[in-house]
Amino acid sequence: MIIIIDEASAKLASFYYHDEIFKPKWKSVTDMSSASDELQEKLPGALLEKLPDELQKKLPDELQNNLCVYEIKDNSGYTEYADNAEKTNIENIRITEKVTDCIWIVSSSQQKQIADSLGIASVGEPQCGTRYAVESLAELDIEYLERVRRRYNHIPWDIGETDRCLIRELSLSDLPALYELYAKPGMTDYVEPLYDYETELEYQKAYIENMYGFYEYGMWLVFSKETGKLIGRAGLEHDELGYMIAPELQNRGYATEVCRFIIDYARENTDFEELYCRIDERNEASLRLAKKLGFTNSGHVDGDIHATIYRKNIKNIKNNEKH
């Protein structure tokens, strides 16, 4: 990840003091001879030509002399790939130095406008007008910056991994594979089918923007680490656990493996005291899984979908407890 920030703001940002993580690469935008051709074109001399006319006259000195550029060499184990097969290798981290690799920590609304004109993600304090705002730059950390960069560039976030699976957010490029999954025998016996393609596309755009973007959780995709192929969906719809696994992999422990990960994720990353499952009593496989995971019948029924509601307390269980 490439971080652009002016000298004054850098001194207020918490990562400024963490030299073991945050390494300067170029002292200023005029000192980028080792950068990729794309960055050299976008940021230094040619940058001024891309600005609105009224900004060209106001910020040339700031752009040429005061903006520092830094590079994060290790993005906490997260890959840069949206391709399913490549994403299965979570150790394969690369810095490609594209504009989409950049995030600008802006200190003014003018900088925010410049970032927008260049297609660069930005974050700043509320007065800067960025969509992602923090009360103080001292609150920033590397993980938050990486999330903002990915949200801006529509790059799905890797949620985590199990022994056999990679769990990550849905990208719009995943829709064809999702339709293939839902078309398999029995997949929609107890869940709603997908909409027609155009409707589903618009629905998922809003879902990514609002559910992932606001809550940082939702229904995720499950990929096989061995093949890179989509094999299921699982995740959290607020305090409700949902899951589905391709029929050819059922009864092989995949759903148990993934759901245990998600329960641990909810315990560590949400304020939920309990999780719930809504299960059609005819769905014997799902009932067995819920009971195996420690869910119990709450005594309530959702009459709209003819499902019994099962519950599990997740906050009074130690993280290292064997399930």
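The values are calculated or read from the model by the stated rules, or taken from the named source; none is laboratory data. Model, not experiment: these values are computed from the prediction. We place every Cβ from the backbone using ideal geometry, glycine too, and count neighbours over all the protein chains shown. In case anyone asks, the SASA skips ligands and DNA or RNA and just uses the protein heavy atoms, side chains included. Shrake-Rupley method; radii C 1.70, N 1.55, O 1.52, S 1.80 Å.
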Given the criteria in contact with a Cys (Cβ under 7 Å, 6 or more places away or on another chain) and among the hydroxyl-bearing types (Ser, Thr, Tyr), does Tyr212 qualify?
no
Under the condition of being open to solvent by 20 Å² or more (accessible area, probe 1.4 Å) and of a type in the set (S, T, N, Q), which residue from the stretch 184-228 is nearest to Asn283 (Cα to Cα)?
Thr188
Every residue from the stretch 148-183 that is of a type in the set (D, E, K, R) and surrounded by fewer than 16 Cβ atoms within 10 Å (Cβ to Cβ):
Asp163, Glu180
Answer yes if at least one residue in the stretch 233-243 is open to solvent by 40 Å² or more (accessible area, probe 1.4 Å), closer than 23 Å to Glu180 by Cβ and part of a strand (DSSP E or B), and no otherwise.
yes
Name the single residue, out of those in the stretch 195-245 being of a type in the set (Asp, Glu) and in contact (Cβ under 8 Å) with a residue 40 or more places away in the chain, that is nearest to Ala290 (Cα to Cα).
Glu216
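Restricting to the stretch 253-262, name every residue that is crowded, with 20+ Cβ neighbours inside 10 Å and more than 18 Å from the chain's Cα centre (by Cα).
Of everything in the stretch 253-262, those that are crowded, with 20+ Cβ neighbours inside 10 Å and more than 18 Å from the chain's Cα centre (by Cα) turn out to be Tyr254, Ala255, Cys259.
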May I ask you to list pairs of residues, at least six apart or on different chains, whose Cβ atoms are under 9 Å apart, with the first in the stretch 133-153 being closer than 19 Å to Leu170 by Cβ and the second being charged (D, E, K, R)?
Arg147/Glu216; Val148/Arg131; Arg149/Asp101; Arg150/Glu169; Arg151/Arg131; Arg151/Glu209; Tyr152/Arg131; Asn153/Asp101
